[in-house]
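As C-alpha cells, the structure follows; a few thoughts come after it.
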Amino acid sequence: MKHRRSVEQHANEDAVSTAAPLVELVMRDQAPLLARRFFGDGPPSPITASLAQVPELLEVALPFIGAALGPGALDARAKELAILRTSALLECRYCVQTHTAVALDCGLSAEEVRVLRGELELDAAFTAERERTMLAWIDAVAAGRGTVDPGLQSRAAEALADHELVELTLTVTATLMLNRYCTALDLPVSAATLARLTEEGF
Amino acid sequence: MSAAADAIASGALNGRVWFYSNYHCNLQCSYCLTESGPRVLRRELPGEVILDRAAEAEALGFTAFGVTGGEPFIRDDMPALVAELGRRRPTVVLSNATLLNERRLRELEPVADLPVHVQISLDHPDPVANDEMRGPENFRKVMEAIPKLVERGIGVRIATTLEDPDAVDPEQRERLCELHRSMGIPDEDHVVRPIVNRGRAATNDLGLLAGFEQLEPELTVTVDGAFYSPFGPTVRGGRLDSDLLVSRATAPLQRPVDALLRIADQLPDGHDASIGIR
Ligand code: SF4
C-alpha cells in the first residue's frame, strides 16, 4: 500500500533537487529500526532513502552496492570508468550526474569525464591500452546483447587478471541494476551535486 | 526451543503477537494513534493471513495474541477470527464496544468458553468528560455494552487512556474503579495507560513522547509489514509511520521475528519498557 508524501515535507529541501521522486524518500526521523545505521548525520542519499521503504532489502542491498561500486582490487579510478560509462550508456540521469562529481573527485580530468559521458571521442583522452581495453569491455557488457565478441574476450583476458575482470564485470552489472532503479523511480540528484556540476561547467 | 521462545522465556521479547486487523473505525478519538475514522483507508489484514501467521507464531513459541485497529468489530468476520485465535492462545481484542449490537454479541458467544478478553476503552467516570475525547454518546454505549458481554460470560477488561496517569485526581480514579467493579470487572482487569504522542495525539499535541527505548518489543503484524510494537504502525497526516517498522515481509513469520530479535538485542543496557498498550 502506498502513502505518498511530498519531498518538501520530509526531505531537507536544500538536499534534493525539485524533481519529485515516484516514491517517498524516507528521512532520518522515519528511518526503520534496522535502516538507521545506514543514515549518517546529513541527508541520506536518495538510494538509501528509497530503499529504506523496505528495510530488509536495504540491509543487504547497500552493503552490496558499497562493495561492488567502491574500490577493491580495482582502484577508484577504474571503478569510476565503469560506473560513469555504463550510466551514460544507460542514460541514467541520476547516476551520470552523481558520478560525474565522484569521477572528478577521483582525479579524472574534465576531458576524461566528457569521454565517459559520450560527449567526446575516446581518442581525445584515453591512450593507455589497458584502459582502452577496459572501456571496450565496459561498453560490450553494458550495451551489448548475447555473448561478448571472442576477440574482445581474449583482449580483456590478456589485459586484466581474472579477479580484475570479474570485479570490472560486476561493477558494470551492479551499475546497470542501479541505473534502471534510479531512472525508473526518478530519484532526484542532490542540490549540492547540481551546484558542483554547474561550477565545473557540466 | 526456538530463538523466539528463548527470548520470550528470558523476558527479552513479549510473548504476544499483535494483529492490526483494520484501520477504519466508527469513532474519531482526539488521541487516536492511527488517525482512524469512518472514511480512512481500511487496510484490512485478511482473516486467512491473521490465522496463518497465528499458526506460525504458535509453532515459534509465542504465548498470546492481540487484535487491534481501528475498530476490529467493524469487520463481520471478527467474532469468528477472535474465537479461532482464542482456541490457539489467550487473546485480547481492543474495542470501543460501540458496535456490539445483538447480532455481534450473539456471534461472540462462543468466546465465552475461551481465554479471550475484549478490552474496552473507558476514560472517565463522567460521561461529558469521557465523550470529550471519544465522541458523543460513547459513554452511554460503553455502559450498555459491558453488562451484555459480562452476562454472556465473555471476558472484559477496561482500558483508561489518560494524558498523565500519574496526575489523575484520585477521587476521579476511584469513581472510575467503582464503576467497573459495579459491572463485575475486577481491578486486575482495569489498565490505565498514558496517551502516546503519535498519530492524532501528536497532531493535537497530546501525550508522552515514546521512542523504541521506552517500548517493549512486541511483534505487530499489519498489512503494511511487521512492526516493533503495537505503538509502531501509527498514522499521521494520512501517512503511515515507518520509524518502528521491522520488515515489510511478514511471511514466513520467522523473518520479522529474526529481525525483531536482532533489534531487541541492540536495546541499551537498563532498557526499561514502561509503556504498554494493554
Ligand atoms: S482510539 Fe480506537 S475507538 Fe478511537 S478512533 Fe482510534 S481506533 Fe477508533
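The values are calculated or read from the model by the stated rules, or taken from the named source; none is laboratory data. Predicted model, so just to flag it, every value in this text is computed and none were measured. Ideal geometry is used to build each Cβ from the backbone, glycine not excepted, and the neighbour counts take in all protein chains shown. Calculation scope for accessible area: heavy atoms of the full protein, side chains included, ligands and nucleic acids excluded. Shrake-Rupley method; radii C 1.70, N 1.55, O 1.52, S 1.80 Å.
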Subject >> Residue among A:L104, A:L108 that alone is more than 15 Å from A:I47 (Cβ to Cβ) and in contact (Cβ under 8 Å) with a residue 60 or more places away in the chain >> reply: A:L104
Original post:
Counting just the residues of region B:208-237 that are open to solvent by 50 Å² or more (accessible area, probe 1.4 Å) and touching a residue at least 24 places away in the same chain (Cβ under 8 Å), which one comes out nearest to B:L33 (Cα to Cα)?
Top reply: B:R236
**OP:** Looking at (1) open to solvent by 40 Å² or more (accessible area, probe 1.4 Å); (2) away from the ligand (no atom under 14 Å from the Cβ); (3) assigned to a helix (DSSP H, G or I), find the lone condition where B:Q172 falls short.
**Re:** (1)
**OP:** Inspect region A:183-191 for any residue being without any contact (Cβ under 8 Å) to a residue 24 or more places away in the chain and open to solvent by less than 60 Å² (accessible area, probe 1.4 Å) and give the result as yes or no.
**Re:** no
**OP:** Look at region B:236-259 and say how many of its residues are outside any loop (DSSP other than H, G, I, E, B) and under 19 Å from the mean Cα position of the chain (by Cα).
**Re:** 4
Subject >> Test result for B:V128, at pLDDT 95 or above and either assigned to a strand (DSSP E or B) or open to solvent by 30 Å² or more (accessible area, probe 1.4 Å) (or both) >> reply: no
**OP:** Kindly list the number of the only condition in (1) part of a loop (DSSP other than H, G, I, E, B); (2) closer than 16 Å to A:T86 by Cα; (3) more than 19 Å from the chain's Cα centre (by Cα) that fails for A:G146.
**Re:** (2)
**OP:** Keeping to region B:214-235, report how many residues are modelled with pLDDT of 95 or more and either small (G, A, S) or outside any loop (DSSP other than H, G, I, E, B) (or both).
**Re:** 9
**OP:** For region B:241-258, state whether one or more residues are touching a residue at least 12 places away in the same chain (Cβ under 8 Å), more than 14 Å from chain A (Cβ to nearest Cβ) and surrounded by 23 or more Cβ atoms within 10 Å (Cβ to Cβ).
**Re:** no
Original post:
Looking at region B:165-188, is at least one residue under 17 Å from the mean Cα position of the chain (by Cα), over 30 Å from B:D258 (Cα atoms) and touching a residue at least 24 places away in the same chain (Cβ under 8 Å)?
Top reply: no
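Conditions (1) within 14 Å of chain B (Cβ to nearest Cβ); (2) hydrophobic (A, V, I, L, M, F, W, C); (3) assigned to a loop (DSSP other than H, G, I, E, B), marked per residue:
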{"position": "A:E56", "(1), (2), (3)": "yes, no, no"}
{"position": "A:L62", "(1), (2), (3)": "no, yes, no"}
{"position": "A:G72", "(1), (2), (3)": "no, no, yes"}
{"position": "A:E80", "(1), (2), (3)": "no, no, no"}
{"position": "A:T86", "(1), (2), (3)": "no, no, no"}
**OP:** Filter region A:39-54 for residues that are open to solvent by 30 Å² or more (accessible area, probe 1.4 Å) and within 14 Å of chain B (Cβ to nearest Cβ) and give the result.
**Re:** A:Q53, A:V54
Subject >> Neighbours by Cβ (under 6 Å, 6+ apart or cross-chain): first from region B:127-141, within 14 Å of another protein chain (Cβ to nearest Cβ) and free of Cβ contacts under 8 Å to residues at least 12 places away in the same chain; second within 13 Å of the ligand (Cβ to nearest atom) and among the acidic types (D, E) >> reply: none
Subject >> Sole residue being more than 20 Å from B:F212 (Cβ to Cβ), touching a helix residue (DSSP H, G or I) at 6+ places or on another chain (Cβ under 8 Å) and modelled with pLDDT of 95 or more, chosen from A:P46, A:P21 >> reply: A:P46
Subject >> Verdict on B:F231 being more than 11 Å from every other protein chain (Cβ to nearest Cβ) and aromatic (F, W, Y) >> reply: yes
**OP:** Provide a single number: the residues in region B:190-207 that are away from the ligand (no atom under 16 Å from the Cβ) and open to solvent by 30 Å² or more (accessible area, probe 1.4 Å).
**Re:** 1
Original post:
Just for region A:88-128: of the residues that are in a loop (DSSP other than H, G, I, E, B) and among the hydroxyl-bearing types (S, T, Y), which one is surrounded by the most Cβ atoms within 10 Å (Cβ to Cβ)?
Top reply: A:S109
